[in-house]
Amino acid sequence: MPFMKGFAPVRNTVDYLSKSNLILKPYIRIFAVHYNRKQTSHLEVKDFVFWHLSHLQYKNPDIQVLTIRELTPTPFIRVWLNSGRDLILDVDRQTKDEIHERIVRCLCKTPEELKEEQKEAEVQENPANFGRCCSRHCMCEIPGQVPCPSIVPVPYTWRGKYKFGLAELDESKYL
Amino acid sequence: MQNICDATVRIGLCIPRLACSQKVAVRYGRKPSWLGFAKTKEFRVPPPKNWPKNETEEMYLLTQHYYTYMKSLSVFQQKMYERSVEESMAHAKEISEDGEIGKILEEIERDNAIVRSIRETELIKEWKEIEVDIIKQRTLAEETEILKQEATEHELKFNMERLKSAIRDDALNEAIDKALNSMTDHNFAIDKQGNYYFGRHNGDNPTEKRKLSTIGLLE
C-alpha cells in the first residue's frame, strides 16, 4: 500500500476518512488552526490536528484548510466565511475531543440538513424515479404505462366522478 | 327564439353543471358545438368578405406592430418579475444566513468566555507555583551563601592560627639557629600497661598513659 508510511498511517485509509461528521456549513471558505508544537497547553490542539484535520479536508474538499505554527501564545481556530467575515474559536487548554465536539456543534451541518441532502441525492441518483428534478416528469412518459389523459382520455369507468357516483354514466356525453 | 338543449349551456359566465337528463330552456345562449350543424346550414358557404388591399396591408402592419409591442412589454415584465424574485430569494437567503451566523457567533462567544475564565484561573495557579519556586530557590541560595561565607571564615581563621607559628623572612636566620641548636629526642618506649615513655632521659616517669587498644594491641 503506497500510503501506509509515517506515524499512524491508518489516517490515510478510506475507512478512517469516511467515518467522520466534520461536514462544515456551505458558507465557510477557509479553516485555519493556529498553535505551537512544544507548549504544554497546545498539545491537545496538536493531537486534534494530527487525528482530525484529514477528516476535515476529506469531507470538505472545496474548503482551504491551514495550519499556522509557532506564531501564537494561545491556540485558536479561525474560520473565514463567504461574506469575508471571520470567526475565532479559542481552544486554549481544551482536549482534542472537546475541540471536535465544539466544531461539530457550531460550524458543521446539522443531522437534519444532512438527511435532507441525502434524500435529494437519492432522488436524483435513482433512474427509476419520476417527478420534479428527475429525467421523467410524469408516469405517462414511461413506456408500458397509461398514456397521458390529456391526449388519450381515460375510460369513464376509471374516473372518480363516475366511480363514486358524482355523475351518471352516459357514453354519448363522454364522447 | 328559445333553444332547448339536453345538456348544460353556458350563458355568458359559468353556471353550475346540472344533471345530464334535465332539459334547460336557453334564451340568449349559443347552440353547443357538440350538437353539430343543422342540416340546412351544413353546406352553407358564407360570402367572402372583400377587403381593399391597402386596408388589409395596413391592418396586417398595425397588428404586427401591436403584437411586437405587446410581446416586448410582456417579456420585459417577465424579466422584471424574475429579477425581483431572485433578489427577494437572495435577500431572504442572506437574512437566514446572517441570522444563523449571528446564532453561531453567540455560541462561540459563550464558549470563548468559558475558556477564558478557565485559562485565567489556571494561569494564576501556575504563577503562584512559580512564585513559590522562586522564593524557595532564593532562600536556598541565601542559605548556601551563608554557609559558604562561614566556611571561608573558618578556613581563614584556621590558616591565620596556623600561620601564627610560621617563620617570616626577617626571622629566618634566628629560626635556623634555633633549629640547629635545639635537639629533638624521638626516643620513646611503651610498657605493658600502656604507658608511654618519651625521651632518652625520662627518669622512668611515664609521660603519657593510653589504653593498649588505641595502639592496636589486644587487651
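Ranked highest first by the average count of other Cβ atoms within 10 Å around their residues, in what order do B:187-194, A:40-47 fall?
Values: B:187-194: 12.2, A:40-47: 18.1.
Per-residue Cβ counts within 10 Å, averaged per peptide and sorted highest first, yield A:40-47, B:187-194.
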> List the aspartates and glutamates whose alpha-carbon lies under 18 Å from that of residue B:128, not counting same-chain residues fewer than 8 positions away?
Replying inline: B:120
> Using a 1.4 Å probe on protein heavy atoms, which residues of region B:110-125 have at least 20 Å² less accessible area in the complex than alone?
Replying inline: B:111, B:112, B:115, B:119, B:122
> When the accessible area of each residue in region A:98-139 is compared between its chain alone and the complete protein assembly (1.4 Å probe; ligands, DNA and RNA ignored), which residues differ by at least 30 Å², being lower in the assembly?
Replying inline: A:102, A:105, A:106
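Can you show me the helix-derived [θ] at 222 nm for the protein assembly as shown, built from DSSP H runs with n ≥ 4 at -39,500 (n - 2.57) apiece and divided by the number of residues, rounded to the nearest 500. Please report the intermediate quantities before stating the final value.
Details: 8 runs with 179 residues, N = 394.
The per-residue figure over the protein assembly as shown is -16000 deg cm²/dmol.
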> Remind me, relative contact order of region A:26-175 in percent, using alpha carbon pairs under 8 angstrom and six or more residues apart?
Replying inline: 19 percent
> Mind checking the dipole of chain A: about its Cα centre, +1 per Lys or Arg Cβ, -1 per Asp or Glu Cβ, Debye to the nearest 20?
Replying inline: 440 debye
> Which is farthest toward the positive dipole end of the protein assembly as shown among A:144, A:63, A:41, measuring Cα position about the Cα centre, with Cβ charges +1 (Lys, Arg) and -1 (Asp, Glu)?
Replying inline: A:144
>> Test of understanding: what is the full-extension gain from residue B:144 to residue B:198, defined as 0.36 nm times their sequence separation minus their Cα-Cα distance?
In response: 14.8 nm
> In straight Cα distance, which aspartates and glutamates are under 15 Å from residue B:31, not counting same-chain residues fewer than 8 positions off?
Replying inline: B:6, B:42
> Over region A:67-167, what lengths in whole Å, largest first, do the semi-axes of the equivalent ellipsoid take, defined as the square roots of 5 times the eigenvalues of the alpha-carbon gyration tensor?
Replying inline: 59, 15, 12
> Taking 0.36 nm per residue of separation and subtracting the Cα-Cα distance, what length does fully extending residue A:120 through residue A:95 add?
Replying inline: 5.4 nm
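With the Cα gyration tensor of chain A in hand, convert its eigenvalues to equivalent ellipsoid semi-axes via √(5λ) and list them largest first in whole Å.
Working: eigenvalues 692, 67, 34 Å².
Over the Cα atoms of chain A, the ellipsoid semi-axes are 59, 18, 13 Å.
Please find the FRET efficiency linking residue B:123 to residue A:83, where r is the Cβ-Cβ separation and R0 is fixed at 51 Å, and quote it to the nearest 0.05. Intermediate values should be presented prior to the final figure.
Values: r = 35 Å, r/R0 = 0.68.
With R0 = 51 Å, the Cβ-Cβ based efficiency is 0.90.
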> So which GluC sites (Glu not before Pro) in region A:69-164 pass both tests, a DSSP loop state and at most 16 other Cβ atoms within 10 Å of the Cβ?
Replying inline: A:70
>> Straight-line reach from residue A:163: which aspartates and glutamates fall under 20 Å, measuring Cα to Cα and dropping same-chain residues less than 8 apart?
In response: A:171
> Which value, in Å² and to the nearest 10, is the accessible area of residue A:139 when all protein chains are kept and the probe is 1.4 Å?
Replying inline: 70 Å²
>> Tell me the Rg and the Dmax, in Å, that the Cα atoms of the protein assembly as shown produce.
In response: 56.1, 193
> Carbon-plus-sulfur fraction of the accessible area of the protein assembly as shown, 1.4 Å probe, in percent?
Replying inline: 57 percent
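Counting heavy atoms of the protein chains only and a 1.4 Å probe, report the per residue accessible area for region A:83-154 as a whole number of Å². Intermediate values should be presented prior to the final figure.
On the way: 4960 Å² over 72 residues.
Dividing the accessible area of region A:83-154 by its residue count gives 69 Å².
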> Considering only protein heavy atoms, what is the solvent-accessible area of residue A:140 at a probe of 1.4 Å, reported in Å² to the nearest 10?
Replying inline: 40 Å²
> Taking K and R as +1 and D and E as -1, what net charge do the other residues with C-beta under 10 Å from the C-beta of residue A:21 add up to?
Replying inline: +3
> Using protein heavy atoms only (no ligands, DNA or RNA), what is the total accessible area buried between A and B, 1.4 Å probe, nearest 100 Å²?
Replying inline: 1700 Å²
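What do you reckon, how do A:31, B:43 stack up by accessible area (1.4 Å probe), largest on top?
Numbers: A:31 0, B:43 170 Å².
So the residues, ranked largest to smallest area, are B:43, A:31.
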> If we count every other residue with Cβ under 14 angstrom of residue B:88's Cβ, Lys/Arg +1 and Asp/Glu -1, where does the sum land?
Replying inline: -2
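Put A:161, B:49, B:136 in order of accessible area, largest first, 1.4 Å probe: what do you get?
Numbers: A:161 90, B:49 170, B:136 130 Å².
Reading off the accessible areas and sorting them downward yields B:49, B:136, A:161.
Per residue of A:57-66, what is the mean number of Cβ atoms on other protein chains within 10 angstrom of that residue's Cβ?
On the way: counts 0, 0, 0, 0, 0, 0, 0, 0, 0, 0.
Mean inter-chain Cβ contacts per residue within 10 Å come to 0.
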>> I'd like the accessible area for residue B:59: 1.4 Å probe, protein heavy atoms, all chains in place, Å² to the nearest 10.
In response: 100 Å²
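The values are calculated or read from the model by the stated rules, or taken from the named source; none is laboratory data. Everything numeric here is computed off the predicted structure, so don't read it as measured data. Note: ideal-geometry Cβ built from the backbone for every residue, glycine included; neighbour counts use all protein chains shown. Keep in mind that these areas ignore ligands, DNA and RNA; they rest on the heavy atoms of the full protein, side chains included. Shrake-Rupley method; radii C 1.70, N 1.55, O 1.52, S 1.80 Å.
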